[in-house]
Amino acid sequence: LFLKDKKPGQPFSFWVSPTEPHRPFKQGIGLDSGRFKAEDIVVPPFLPDDPKVRSDIADYLYEIEWFDEELGRVLAVLEQAGELENTVIVFTSDNGMAFPRAKSNNYEYGTHVPFAVRWGNGIADHQDVTDFLSLTDIAPTFLELAGIQPPAAMTGKSFRQQLLAQQSGRIDKHRNAAYSGFE
């Protein structure tokens, strides 16, 4: 409905924020789905390798796969509307996995989140940029891509340079750290 009401050529911003893979998970859905086998589940070293933990991780993975399918439907709607190639899409998460010593903790599993950007023909196909980025960098990047100078008061730094780079790896040697905190 949003895209149908939008005027042709009108810029837009739309935020999709599903609840998957947030708790509570439907207990046992991962293994019951047949998509996962308990013996194939990789248990992080800080969690006990226990059948209940393996099942809980399978439930979490099931929720992630569900959201992946939902993202595919979002991309299909954009394509049907003729907007896919002209839309900057950022896929990320606001926190790590919902497990002890992960979510709401400043350990790797709590701060290392997925981050992928798609922009039709605007960026090179499949690059792996290793520069450190923070979620606070998204807003100044969107502003810069729209031709607006980000206000000096913004704490984030645009990653436009990384998006438009024609190679993978380290693009800006000064992006060598990321910081996190817990309030």
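The values are calculated or read from the model by the stated rules, or taken from the named source; none is laboratory data. Being a predicted model, the structure only gives us computed values, none of them experimental. Cβ placement follows ideal geometry from the backbone for every residue including glycine, while neighbour counts extend to all protein chains displayed. Heavy atoms of the whole protein, side chains included, go into the accessibility calculation; ligands, DNA and RNA do not. Shrake-Rupley method; radii C 1.70, N 1.55, O 1.52, S 1.80 Å.
Considering region 96-113, the residues that are assigned to a loop (DSSP other than H, G, I, E, B) and open to solvent by less than 60 Å² (accessible area, probe 1.4 Å) include one that is farthest from residue 158 (Cα to Cα), namely 99. In the set 140, 150, which member is part of a helix (DSSP H, G or I), more than 30 Å from residue 53 (Cα to Cα) and open to solvent by less than 50 Å² (accessible area, probe 1.4 Å)? Result of the check over 140, 150: 140. Given the condition surrounded by fewer than 16 Cβ atoms within 10 Å (Cβ to Cβ), among the hydrophobic types (A, V, I, L, M, F, W, C) and outside any helix (DSSP H, G or I), answer yes or no: does some residue in region 66-76 qualify? Looking through region 66-76, none of the residues is surrounded by fewer than 16 Cβ atoms within 10 Å (Cβ to Cβ), among the hydrophobic types (A, V, I, L, M, F, W, C) and outside any helix (DSSP H, G or I). Across region 153-183, the number of residues qualifying as under 29 Å from residue 11 (Cα atoms), without any contact (Cβ under 8 Å) to a residue 40 or more places away in the chain, assigned to a loop (DSSP other than H, G, I, E, B) and open to solvent by 60 Å² or more (accessible area, probe 1.4 Å) comes to 4. Return the residues of region 23-47 that are assigned to a loop (DSSP other than H, G, I, E, B), in contact with a helix residue (DSSP H, G or I) (Cβ under 8 Å, 6 or more places away or on another chain) and open to solvent by less than 90 Å² (accessible area, probe 1.4 Å); say none if nothing qualifies. Within region 23-47, 25, 28, 33, 36, 41, 43, 44, 46, 47 qualify. In region 1-17, the residues that are more than 11 Å from residue 81 (Cβ to Cβ) reach residues that are surrounded by 10 or more Cβ atoms within 10 Å (Cβ to Cβ) with C-beta atoms within less than 6 angstrom, at least six apart or across chains, in these pairs: 16/74. Condition check for residue 126 on (1) surrounded by fewer than 13 Cβ atoms within 10 Å (Cβ to Cβ); (2) modelled with pLDDT of 90 or more: one failure, at (2).
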